[in-house]
Amino acid sequence: MILGVGIDVVDVERFGQTLERTPSLRDRLFTESERELGLNSLAARFAAKEALAKALGAPAGMHWSDVTVMRGDDGRPHLQIIGSVQARADALGVHSLHVSLSHDAGIASAVVIAEG
């Protein structure tokens with residue numbers, strides 16, 4: 001059963017300007033393994049984290065660093081969650097998360113489906 005769906009889009013150039021203006025934001029939004037990725041990939045990962053928050057009901061208290069967008073051996077993205085995000089998913093009865101990422105023409109987007 002689908003428990004939640006989230007979608008988000010990010011203007012890549014504007015996102016890059018925000019990261020330049022506030023360098024500490026990179027550390028707050030991304031895990032260590034994500035921080036060194038290119039701007040398109042960072043924007044898509046931020047969109048995925050926003051989409052995940054929406055799929056989980058956008059509760060207060062979730063930490064961005066409790067989500068890592070990983071690439072599987074097959075190249076497909078998946079979400080690794082811990083801490084505050086795992087607690088929210090558990091509270092909702094989420095058993096699996098599905099994520100799709102895209103970036104083209106200066107826009108990054110992501111869709112997340114929470115299944116229970």
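The values are calculated or read from the model by the stated rules, or taken from the named source; none is laboratory data. Nothing here was measured: the structure is a model prediction, and the numbers come from that model. Backbone-built Cβ (ideal geometry, glycine too); neighbour counts: all protein chains shown. Ligands, DNA and RNA are excluded from the accessible area calculation, which covers all protein heavy atoms including side chains. Shrake-Rupley method; radii C 1.70, N 1.55, O 1.52, S 1.80 Å.
Before moving on, here are some points about what is shown:
- When G75 is tested against (1) surrounded by fewer than 19 Cβ atoms within 10 Å (Cβ to Cβ); (2) closer than 22 Å to V9 by Cα; (3) in contact with an Asp or Glu (Cβ under 6 Å, 6 or more places away or on another chain); (4) not hydroxyl-bearing (S, T, Y), just one condition goes unmet, and that condition is (3).
- Looking across segment 79-116 at every residue that is more than 15 Å from V5 (Cα to Cα) and open to solvent by 70 Å² or more (accessible area, probe 1.4 Å), the one that is nearest to the chain's Cα centre (by Cα) is identified as Q80.
- Enumeration of residues in segment 54-76 that are of a type in the set (G, A, S), assigned to a loop (DSSP other than H, G, I, E, B), within 15 Å of the chain's Cα centre (by Cα) and over 17 Å from I7 (Cα atoms): none
- Residue-level check: of (1) in contact with a Ser or Thr (Cβ under 9 Å, 6 or more places away or on another chain); (2) surrounded by fewer than 14 Cβ atoms within 10 Å (Cβ to Cβ); (3) assigned to a helix (DSSP H, G or I), A47 misses just (2).
- Count of segment 20-49 residues, restricted to those that are farther than 19 Å from G75 by Cα and acidic (D, E), is 3.
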